[in-house]
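Structure record follows, encoded as structure tokens.
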Amino acid sequence: MSTAAEPEIPDFPVARAAGCPFDPPPAWQALRNNAPVSRVRLWDGSTPWLVTRYADQRALLADHRVSVDSSRPGYPHLSPHGGGSNLGFLRMDDPEHARLRRMVTAPFAIRRIEAMRPTVQKIVDDLVDRLLAGPKPVDLVEAFALPVPTLVISELLGVPYSDHQFFQENSNAVIRRTATMEERAAAGRNLGEYLGELVGRKLSEPGDDVLSELATRIKAGDLTHREATQIGVLLLIAGHETTANMIALGTLALMEHPNQLEQLRRTDDPRVIATAVEELLRYLHITHNGMQRVALDDIEIAGLTVHAGEGLLMLNEVGNRDPEAFPEAPDTLDVTRDARHHIAFGFGVHQCLGQSLARMELQVVYSTLYKKIPTLRRAVGLDRIPFKHDAFIYGVYELPVTW
């Protein structure tokens with residue numbers, strides 16, 4: 001008697017469709033519609049659950065029965081080289097996660113971030129003026145997208161911007177999917193030693209910055225030097241890599257949608273800019289490998305049982321295109337859409353600590369760059385732009401522009 005064949009388990013990740021650098025793979029979109037919780041196969045042969053529906057992702061991200069602890073059995077590691085061991089509370093569960101995160105909540109409070117807006121505006125204005133005075137074409141990543149958040153996070157943390165090449169190179173090695181274990185470990189060690197030395201300096205010479213606040217916590221006995229250093233590494237990497245990629249990728253997406261770009265050029269309303277930022281975060285999303293978790297208990301989701309010890313991958317780039325959550329043409333960029341409920345920053349207790357800073361920086365950039373350079377455009381064909389398919393944080397390596 002014949003039996004039905006077991007459905008083939010697809011490999012993760014899958015290649016992007018040619019010519020669609022902003023869209024999730026069609027295969028994942030199809031799964032969201034037909035099998036929203038299904039198995040995928042990782043590099044090591046493990047088969048965690050892939051969760052593609054917006055509502056299911058939010059439910060799981062808020063569920064205390066799932067863990068971000070990458071040392072737990074069943075956790076879905078996306079490469080054979082590990083990673084994240086030096087990223088502080090990012091891979092910790094409560095209560096330890098809450099204890100450490102609480103140490104840096106105040107500097108990222110909305111009021112303090114808004115107080116930085118004039119500083120960020122000056123940084124953006126100065127860099128745009130430098131662009132206009134320099135040669136063209138120019139790589140927008142190197143000349144603008146990367147310097148903006150690097151200058152901002154350096155100012156906020158109390159890290160010398162003169163060291164930016166060092167910490168950018170090492171940050172890149174930490175998040176590059178193709179980096180070897182040795183390369184990633186060396187980069188993490190370099191950053192740890194660098195931030196550890198800076199924290200030590202702040203103990204005796206404090207300033208008005210986050211590292212000095214962490215040093216104060218060390219003196220009070222709330223943190224160890226090692227914990228403060230790991231928090232500093234996490235904030236430094238996350239504070240410039242993510243926003244830099246979003247600046248460049250968002251600019252490219254707007255260039256490919258000139259009618260949407262024109263709406264930003266002609267507005268002076270900060271509410272319109274803020275709405276556009278949320279839509280770009282929803283539409284693009286730079287973590288194309290989703291959010292990793294492991295179940296601590298049996299969990300019912302979408303009519304299936306995820307058992308304790310099984311891995312979970314939640315593709316928020318696919319969730320953010322879910323027509324149940326965004327019913328009006330979710331695969332279309334519409335800068336007038338109310339997209340504030342997107343999950344680009346995650347959801348639940350591990351929602352991105354720096355989201356207010358990222359939003360403010362993007363608002364300043366998107367309200368300034370295209371007005372000061374109204375004829376900004378690609379200097380090469382879209383097919384010649386190198387996308388970061390080999391990185392955990394998606395974006396472009398270069399974006400040659402002219403005007």
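The values are calculated or read from the model by the stated rules, or taken from the named source; none is laboratory data. Being a predicted model, the structure only gives us computed values, none of them experimental. Positions of Cβ are generated from backbone atoms using ideal geometry, with glycine treated the same way; all protein chains shown enter the neighbour counts. Calculation scope for accessible area: heavy atoms of the full protein, side chains included, ligands and nucleic acids excluded. Shrake-Rupley method; radii C 1.70, N 1.55, O 1.52, S 1.80 Å.
The table that follows gives values for the structure above.
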item	result
Relative contact order (percent, whole number), the chain, Cα cutoff 8 Å, 6+ residue spacing	25 percent
FRET E, pair THR336, ASN33, Förster distance 30 Å, beta-carbon r, rounded to 0.05	0.70
The chain shape via C-alpha gyration tensor axes, a/c threshold 1.5	oblate
Gyration tensor over alpha-carbon atoms, segment 185-284, equivalent ellipsoid semi-axes in Å	39, 16, 10
Spatially proximal aspartates and glutamates relative to LYS202 (Cα-Cα < 18 Å; intrachain offsets below 8 disregarded)	GLU155, ASP163, GLU193, GLU213, ASP222, GLU227
Cα-projected label distance for VAL272 with GLU183, points at 7 Å along beta-carbon direction, nm	4.4 nm
Segment GLU256-ILE110, extension gain: residue separation times 0.36 nm, minus the distance between their alpha carbons	49.4 nm
Cα gyration tensor category, rounded, prolate or oblate, for segment 15-149 with a/c compared to 1.5	oblate
Which of LEU157, LEU131, ALA186, positive extreme of dipole for segment 126-193 (C-beta unit charges)	ALA186
Vicinal HN-Hα couplings computed from phi for segment 267-276 (Karplus, 6.51 cos²θ - 1.76 cosθ + 1.60; Hz; Gly/Pro x)	9, 10, 8, x, 5, 5, 5, 4, 5, 5
Among 342-348, 328-334, the order from most to least packed when residues are scored by Cβ within 10 Å on average	342-348, 328-334
Net charge dipole size for the chain [Lys, Arg +1 and Asp, Glu -1 on Cβ; Debye, nearest 20]	560 debye
Accessible surface of segment 36-162 [probe 1.4 Å, protein heavy atoms]: carbon and sulfur percent	56 percent
Order by protection proxy (mean Cβ within 10 Å, highest first), peptides 306-312, 359-365	359-365, 306-312
Of all accessible heavy-atom area on segment 173-308, the percent that carbon and sulfur account for (1.4 Å)	50 percent
Modelled FRET efficiency - R0 56 Å, ALA55 with GLU205, Cβ distances, 0.05 increments	0.65
Förster-model FRET efficiency, 35 Å R0, ALA302 and CYS20, C-beta, rounded to 0.05	0.85
Cα gyration tensor shape for segment 85-214, rounded if a/c is under 1.5, else prolate or oblate	oblate
Euclidean distance between Cα centres, segment 376-395 to segment 303-354, Å	24 Å
